[in-house]
């Protein structure tokens, strides 16, 4: 078993009229490599019961959709002209998950372009160093022959 990487996204979901911010951490064999500022969902749609809200709520917690983990592809899909992404898109698998009978999906990790927040993707501030570093890390991990990294999504 080679190097085992893991991404964990966590945030305190609650009612709010401002954009809530969480963190995403990257570890390798349990050792912390990076901490990124990140968020998921849009303003006013980041409460606990909004994860079944299509196109608005945060990405559902791993446990909520009955997964051990999601997966993040280490090879980016360039989407320079897609509004709200405007750069690299790292697809999150599975493509769709079910939350209380509602299908959600097409999630990814990308820069928080356009309007602050996301339709459920995990987004990093575009101007921050974190987004630059995240892309470099994914490139390096991909070069090691790792096609995807497990992702845990945890809320409290």
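The values are calculated or read from the model by the stated rules, or taken from the named source; none is laboratory data. Computed from a predicted structure; not experimentally measured. Cβ coordinates were reconstructed from backbone atoms using ideal geometry, including for glycine residues, and neighbour counts include every protein chain displayed.
For (1) in contact with a strand residue (DSSP E or B) (Cβ under 8 Å, 6 or more places away or on another chain); (2) free of Cβ contacts under 8 Å to residues at least 24 places away in the same chain, each residue gets a yes or a no:
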position	(1), (2)
54	yes, no
82	yes, yes
87	yes, no
114	no, no
126	yes, no
129	no, yes
147	yes, no
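Being modelled with pLDDT of 95 or more and either crowded, with 20+ Cβ neighbours inside 10 Å or part of a strand (DSSP E or B) (or both): is that true of residue 7 here?
It is true that residue 7 is modelled with pLDDT of 95 or more and either crowded, with 20+ Cβ neighbours inside 10 Å or part of a strand (DSSP E or B) (or both).
On the basis of being closer than 23 Å to residue 113 by Cα and in contact with a helix residue (DSSP H, G or I) (Cβ under 6 Å, 6 or more places away or on another chain), does residue 37 make the cut? Outline the logic, then answer.
On the way: closer than 23 Å to residue 113 by Cα: yes; in contact with a helix residue (DSSP H, G or I) (Cβ under 6 Å, 6 or more places away or on another chain): yes.
So residue 37 fits the description; yes.
Could you tell me whether residue 95 is touching a strand residue (DSSP E or B) at 6+ places or on another chain (Cβ under 9 Å) and loosely packed, with under 14 Cβ neighbours inside 10 Å? It would help to see each step written out before you state the result.
Values: touching a strand residue (DSSP E or B) at 6+ places or on another chain (Cβ under 9 Å): yes; loosely packed, with under 14 Cβ neighbours inside 10 Å: yes.
Taking the combined requirement at face value, the residue satisfies it.
What number of residues in region 46-60 are under 19 Å from residue 98 (Cβ atoms) and either at pLDDT below 95 or surrounded by fewer than 21 Cβ atoms within 10 Å (Cβ to Cβ) (or both)? Write out each step before concluding.
Looking only at region 46-60, we keep the residues that are under 19 Å from residue 98 (Cβ atoms), and these are 48-60.
After this cut, where a residue has to be either at pLDDT below 95 or surrounded by fewer than 21 Cβ atoms within 10 Å (Cβ to Cβ) (or both) as well, the list is 48-50, 52-56.
Total satisfying the criteria: 8.
Let me spell it out: the conditions are (1) more than 24 Å from residue 52 (Cβ to Cβ); (2) out of contact with any helix residue (DSSP H, G or I) (no Cβ under 7 Å at 6 or more places or on another chain); (3) surrounded by fewer than 21 Cβ atoms within 10 Å (Cβ to Cβ); (4) in contact (Cβ under 8 Å) with a residue 40 or more places away in the chain, and residue 134 meets all of them except one. Which number is the exception?
Just one mismatch for residue 134, condition (3).
Quick test of your reading of the structure: residue 103 fulfils all but one of (1) part of a strand (DSSP E or B); (2) in contact with a helix residue (DSSP H, G or I) (Cβ under 8 Å, 6 or more places away or on another chain). Name the failing condition by number.
Evaluating residue 103 over (1) part of a strand (DSSP E or B); (2) in contact with a helix residue (DSSP H, G or I) (Cβ under 8 Å, 6 or more places away or on another chain) leaves (2) as the failure.
Consider residue 66 carefully, then state whether it is without any contact (Cβ under 8 Å) to a residue 24 or more places away in the chain and at positive phi.
yes
What are the residues in region 18-49 that are more than 18 Å from residue 152 (Cα to Cα) and touching a residue at least 12 places away in the same chain (Cβ under 8 Å), if any?
Step one: filter region 18-49 for residues more than 18 Å from residue 152 (Cα to Cα), giving 18-20, 42-45, 47, 49.
Correct list: 18, 19, 20, 42, 43, 44, 45, 47.
Considering only region 106-156, give the strands (runs of 3 or more DSSP E) lying wholly within it that have at least 2 residues that are over 22 Å from residue 81 (Cβ atoms) and at pLDDT 95 or above.
Numbers: elements: 108-111, 122-124, 148-155.
The strands (runs of 3 or more DSSP E) meeting that bar are 148-155.
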